[in-house]
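No value in this document is a laboratory result; all are computed from the given coordinates. Owing to the predicted nature of the structure, the values given are computational and were not obtained by experimental measurement. Cβ placement follows ideal geometry from the backbone for every residue including glycine, while neighbour counts extend to all protein chains displayed.
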Amino acid sequence: MILFVFLPFINVIISGLFGRYIGVNNTKKINIINLIILLIILIYYYIDILKTNNNYVINIMELINIEYLNIDYALNLDLLSITMLIPIIVISLIVNLFSWGYMIDDPHNQRFNTYLALFTLFMIVLVLGDNYLILFIGWEYIGIASFLLIGFWYNNIDNIKSSLNALFINKIGDVFFIIALIYLIYIYKSLNYSLIFSLVSYINIDINTIIILCLVIAASAKSAQFGLHNWLIWAMAGPTPVSVLLHAATLVIAGVYLLMRSSPILENCPNILLLNLWLGGLTTLIAGLIAINTNDIKRIIALSTMSQLGIMFISIGLSCYNLTLFHVLCHSIYKALLFICAGTIIHSLANELQDIRYIGGLLLYMPITYICLLIGSLSLMGFPSLTGYYSKDIIIESSIGIYTISGLIIYWLVVLSSFLTNIYILKLIYYSFINIPQLNKYIYNNINELHWLNILCMIILTLGSLFLGYILNDIYLGQGNNILGLFINPNNLSLIDTHFAINNYFKWIPLINIFISIFIIIFIYEFNYKFIYIFNNKYLFNFYTLFNTRFLFDQILNNIIIRNIIKLSSLLYYTLDKGILILLGPSGLNNLFNKLSLNIIHFNFFKYTNNFGLIFNNYLIYITSSLLLLILLIYA
């Protein structure tokens, strides 16, 4: 079990310290071999835990031992941890393979390998930690690693801005995470999962609400929920392998994992469950409205990630944590496939164009990419028998299965969001592959589908998008499985009602949604494009402007919130740090005593300049008084 941490650590050391001596290709080979070994170990433990429901705990060392507070550096491998490790290790391996071909001409490949290994290491630490402190250590380091990866091309100002944006917004969540840790230590006298979860029901519900609210805000920042979401859109400035790793399977699910791990606290705070439900519904709808008016290929897929994260928050609000876990696993596969296909399209074009309106006609030139992108898109849409269908539709139906007004409203919000998802992903396919070619002849004559490793990665993920949901469906959604033992709460178990009690009409709507969206795309884009010509209709133009500017949220955040915070920080800096604290602190006292000494010297010198004895006596008094004052200060 220690190999889960040891092998990625070896990758970091080899890439960071010895990479320049053994070469880029050898570093890549070692990283990939270690990840393949990790994958084999993962499969072994996964099968073992599914069969026996074992829980492996290893205590490496003692971190803190102060009075009642005892925190160990311990790792915990249970069904939740091992499931979260599947997308982390599999996608990390895929990204290392993909980046070998994608970044082959980049002069800073060695640094890129180091950042990838560092991110994988601390993502594994976050998931395996047996207490909130280890989780927080992994949480902080993946934030730093993501900052380095997004700003990898640091000579581009947009990349630097995007990486700083991601870092600052995640720091907002980190502050609330620290507040939650302080409350946990103060109330529970511990940060260990087992101790905290065993005492939750005996603690005042208001205290638990404050703690879990701070954790929800932290999770919202990391998982790009509405209000703290804009960093995810701008993070697309980084290399495509970074988008695959961070925004498909690992970084963005850290917040979801935090809430799943904290489910015993959540279940004792029904108001926060309701908050999660509405926050997820609002996020998935806002992401859909923005995405249908976005034309950057990577940002469209990033916004679909934001939408799916909203659906995960909805399932957490429904107390259906097993559905959340299953959707995390399935979503990571087909979303990684979509990002890799997008990266292949961008990198295959001579000008590396990302605006889908200026591409077109790639169907004949990139047939493998088209097939893989189509399968990944249909899985994202929830087409029957594909992976996304098994994990996404059951969450949509579960919002009806709880039989509440909030659940009914959220159901229709998610149905509308799913319709928008179908529209913008079909729009991406149409503009990129089916539309009339928009590029020049030279670009089309030089298109190729890149390195054979890229094709291999796409084929592996395509197979996962086809069959993974069907293979693992009974393990996570079947009755009487071990997953339910992790999260079960009889008051909130709605899965049985979802399966057997709700009207079949609600189960058919997502499928009907897909066919309606396909018909609309063909009807409008092939025959009646004038319907969406925004300059003919001022109301349509105003809506387009609102959605295309992302509800002006960037402007509100920058001009109203961030600028005022910077002004307040500047005022406090010059008033407190450079003002009161300087005046009353060591510097102020030092200046005071220096001026006092100079005044005594000048006074004595000018008054007794003709009397050497008096001058000597006064100097002796001054030295004696200074020594006494110094002794007094040291004693104090």
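A compact table of results
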item: Using alpha-carbon coordinates, inclination of helix 321-348 to the longest axis of the chain, degrees; result: 90 degrees
item: Order of TYR56, TYR132 - criterion: other Cβ atoms within 10 Å of each residue's Cβ, fewest first; result: TYR56, TYR132
item: Student exercise, region 269-548 dipole from Lys, Arg, Asp, Glu Cβ charges, in Debye to nearest 20; result: 480 debye
item: Residues in region 265-291 reached by a label modelled at ASN55 [backbone nitrogen below 19 Å; 7 Å Cα→Cβ]; result: 265-268
item: Footprinting exposure proxy for TYR424, TYR525 (fewest neighbouring C-beta atoms within 10 Å first); result: TYR525, TYR424
item: Rounded tilt (10° steps) of 504-522 against the dominant C-alpha axis of the chain; result: 90 degrees
item: Computed E for TYR470/SER570 - FRET, C-beta separation, R0 60 angstrom, nearest 0.05; result: 0.55
item: Contour minus Cα-Cα distance for ILE561 and ILE10 (0.36 nm per residue); result: 194.1 nm
item: Qualifying lysines (Cα of each under 23 Å from Cα of LYS507; at least 8 residues distant if same chain); result: LYS392
item: Distance in nm between pseudo-label sites at ASN271 and LYS507 (7 Å out along the Cβ direction from Cα); result: 3.8 nm
item: Relative contact order (%) - region 269-548, alpha-carbon pairs under 8 angstrom, separation at least six; result: 26 percent
item: Structure-derived Cα extents along the principal axes in Å - corresponding label in (1) 109, 63, 58; (2) 113, 75, 50; (3) 86, 68, 50; result: (1)
item: Virtual spin-label span in nm between ILE104 and LYS530, 7 Å along Cα→Cβ; result: 4.9 nm
item: Residue order, fewest to most surrounding Cβ atoms within 10 angstrom, among TYR183, TYR44; result: TYR44, TYR183
item: Under-5 Å amide H pairs with SER223, H placed in peptide plane, nonlocal only; result: GLY255
item: Ellipticity estimate at 222 nm from DSSP helix runs (n ≥ 4, -39,500 (n - 2.57)) divided over the chain, nearest 500; result: -23000 deg cm²/dmol
item: Value of relative contact order over the chain, rounded to a whole percent, pairs C-alpha under 8 Å and six or more apart; result: 12 percent
item: R0 of 60 Å, Cβ-Cβ distance ILE207-LEU363: FRET efficiency to nearest 0.05; result: 0.55
item: 0 to 90° range, to nearest 10: angle between helix 297-317 axis and the chain longest Cα axis; result: 80 degrees
item: FRET efficiency for ILE405 and ILE40, using Cβ-Cβ distance with R0 set to 51 Å, rounded to 0.05; result: 0.55
